[in-house]
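The values are calculated or read from the model by the stated rules, or taken from the named source; none is laboratory data. Everything quoted here is computed from the prediction, not taken from an experiment. When we count neighbours, we look across all protein chains shown, and the Cβ atoms used for this are built from the backbone with ideal geometry, even at glycine.
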Amino acid sequence: MGLTAKEKRSATKVTAPRYQKAKKKQKGIILEEFVALTGYDRCYATYLLRTQGKKVYVDKNTVIVADVSKKKAKPRQRFYDHFVITALSAIWYVMDCICGKRLAPMLKNIIPILEKHNEIQLDDATRTKLLSISAATIDRLLKPERKKHMLKGRSHTKPGTLLKHQIPIRTFAQWDEKKPGFVEIDLVGHDGGDPSGEFAQTLNVTDISTGWTEEQAVKNKAQRWVFEALTDIRARLPFDLLGIDSDNGAEFINNHLYNYCKEEKITFTRARSSRKNDNCFIEQKNYSVVRRAVGYMRHDTLQELEILNELYGYLRLYSNFFQPVMKLLEKTRIGSKVRKKYDEAQTPYQRILASPDVSKEVKKQLRSQYRKLNPAELKRKIENLQRRLIQIASDKQKILPIK
């Protein structure tokens, strides 16, 4: 059994000083013994014994001592090269900078669409690498890009007490949340940090089963405008509206909406007061969809209201057809740690296609609509409208009030 690499390095360090001081005949004997001991080739053994410990004087105060046991690591050739990173960054930006776990399952769908609309051009090698890349690698490669793009709003909910005793608190046992049609609703205020006066509100509606989300801006939170927006959204949903769950705001807890749900045979429930987790699905969408798209500036003019609704027209297509979401499957507590297991990221559109409760005709219409959409073009239109909103809001701030 031969020596280990560590033992060979030790033998070199011990033998080299003897070899370097010996005369020619003695060097031959020492070399023969060293080759027999280590199994090195004679030429390589000579190089090791001659070089080990050799001193090179750079100047009076600097000496370099050779150590042949120290080997320079060979630079590893990058598998994911510049072309992959550039293409991945472009796709990531089109997909609204989502995380690797959500982006990885979507690459096989989004790459052909972007190529079809000439948004990206990929060679065969780059395409193959992108289709096999893992979520962790995506996050690692995009870490520098994510750093470049590195407020919380206030609640405007005022309790409506008139009908609270008639509208039951929602319990999960009452709802079949695997079936599309049971939604959570909420208002997102665009006050810009100043709650005085009237300002635009966004009615946000999210389906619990599929994650399908619809938004519509209203001029204020009056019951009339909120109800009209809700009926408009109901007409756009690709499934029947079966249940509504809201917070305790007076814009929802009122006779008009209560009687409407009763007549239309729509289950109407409410969350517990001051328990945001009861509306966890809509609260998450308030940020990930509305706030990310519109921000926290004040919008209180008719022009801004029209721009908001134009933006939401594109945003509903972009988020529902191209933004994948993950659903929590189970949660396990082990001591002080909680482990969560999620399903594979899918878009609301994909979840609707997989649902047996949505008609074939609706699925056919959705597929036809999906084939015509270009996510990069939708993204550009959304950004143009975002810039207009920011410009209008900024111009208003420059006009100082008269004191």
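A few notes on this one:
Every residue, every condition in (1) among the aromatic types (Phe, Trp, Tyr); (2) in contact with a Ser or Thr (Cβ under 9 Å, 6 or more places away or on another chain); (3) more than 20 Å from residue 183 (Cβ to Cβ); (4) crowded, with 16+ Cβ neighbours inside 10 Å, yes or no:
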site	(1), (2), (3), (4)
283	no, no, no, yes
290	no, yes, no, yes
316	no, yes, no, yes
320	no, yes, no, yes
328	no, no, no, no
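- The set of residues from region 353-393 being under 22 Å from the mean Cα position of the chain (by Cα) and among the small types (Gly, Ala, Ser) comprises just one member, 376.
Yes/no per residue for (1) of a type in the set (A, V, I, L, M); (2) part of a loop (DSSP other than H, G, I, E, B); (3) touching a Ser or Thr at 6+ places or on another chain (Cβ under 8 Å):
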{"position": "114", "(1), (2), (3)": "yes, no, no"}
{"position": "118", "(1), (2), (3)": "no, yes, no"}
{"position": "129", "(1), (2), (3)": "no, no, no"}
{"position": "136", "(1), (2), (3)": "yes, no, no"}
{"position": "139", "(1), (2), (3)": "no, no, no"}
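- Inside region 208-250, residues that are more than 28 Å from residue 197 (Cα to Cα) and of a type in the set (Ser, Thr, Tyr) make up a count of 3.
- Qualifying residue in region 352-363 (condition: surrounded by 16 or more Cβ atoms within 10 Å (Cβ to Cβ), under 23 Å from residue 306 (Cα atoms), of a type in the set (A, V, I, L, M) and at pLDDT 90 or above): no
- Comparison of 210, 202 shows that the only residue that is among the β-branched types (Val, Ile, Thr), under 24 Å from the mean Cα position of the chain (by Cα), crowded, with 16+ Cβ neighbours inside 10 Å and in a loop (DSSP other than H, G, I, E, B) is 210.
- Residues (under 22 Å from residue 316 (Cβ atoms) and β-branched (Val, Ile, Thr)) located in region 77-130: 91, 94, 98, 110, 113
- Search result, residues across region 13-57 that are farther than 23 Å from residue 2 by Cβ, surrounded by fewer than 16 Cβ atoms within 10 Å (Cβ to Cβ) and of a type outside the set (Gly, Ala, Ser): 17, 20, 21, 23, 24, 25, 26, 54, 55, 56, 57
- Test: residue 304 is under 22 Å from residue 194 (Cβ atoms) and not in a loop (DSSP other than H, G, I, E, B): yes
- For region 316-346, filtered to residues that are aliphatic (A, V, I, L, M) and at pLDDT below 95, the residue that is farthest from residue 394 (Cα to Cα) is 334.
- A count restricted to region 230-260 and to residues that are in a helix (DSSP H, G or I) and of a type in the set (A, V, I, L, M, F, W, C) stands at 4.
- Given (1) modelled with pLDDT of 90 or more; (2) out of contact with any strand residue (DSSP E or B) (no Cβ under 7 Å at 6 or more places or on another chain); (3) surrounded by fewer than 20 Cβ atoms within 10 Å (Cβ to Cβ), index of the condition residue 162 fails: (1)
- Residue check for residue 235: surrounded by fewer than 20 Cβ atoms within 10 Å (Cβ to Cβ) and either assigned by TED's automatic domain parsing to the domain that holds residue 259 or within 20 Å of residue 322 (Cβ to Cβ) (or both): yes
- Scan of region 330-353 for residues that are in a strand (DSSP E or B) and farther than 16 Å from residue 281 by Cβ, ordered by number: 330, 332, 333, 334, 337, 338, 339, 341
- Here residue 227 clears all of (1) surrounded by fewer than 20 Cβ atoms within 10 Å (Cβ to Cβ); (2) assigned to a loop (DSSP other than H, G, I, E, B) except the condition numbered (2).
- Of all the criteria given as (1) touching a helix residue (DSSP H, G or I) at 6+ places or on another chain (Cβ under 6 Å); (2) under 24 Å from residue 186 (Cβ atoms); (3) of a type in the set (D, E, K, R), the one not satisfied by residue 388 is (2).
Every residue, every condition in (1) closer than 25 Å to residue 329 by Cβ; (2) out of contact with any strand residue (DSSP E or B) (no Cβ under 9 Å at 6 or more places or on another chain); (3) aliphatic (A, V, I, L, M), yes or no:
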{"site": "183", "(1), (2), (3)": "yes, no, yes"}
{"site": "193", "(1), (2), (3)": "no, no, no"}
{"site": "212", "(1), (2), (3)": "yes, no, no"}
{"site": "219", "(1), (2), (3)": "no, no, no"}
{"site": "226", "(1), (2), (3)": "no, no, yes"}
{"site": "241", "(1), (2), (3)": "no, no, yes"}
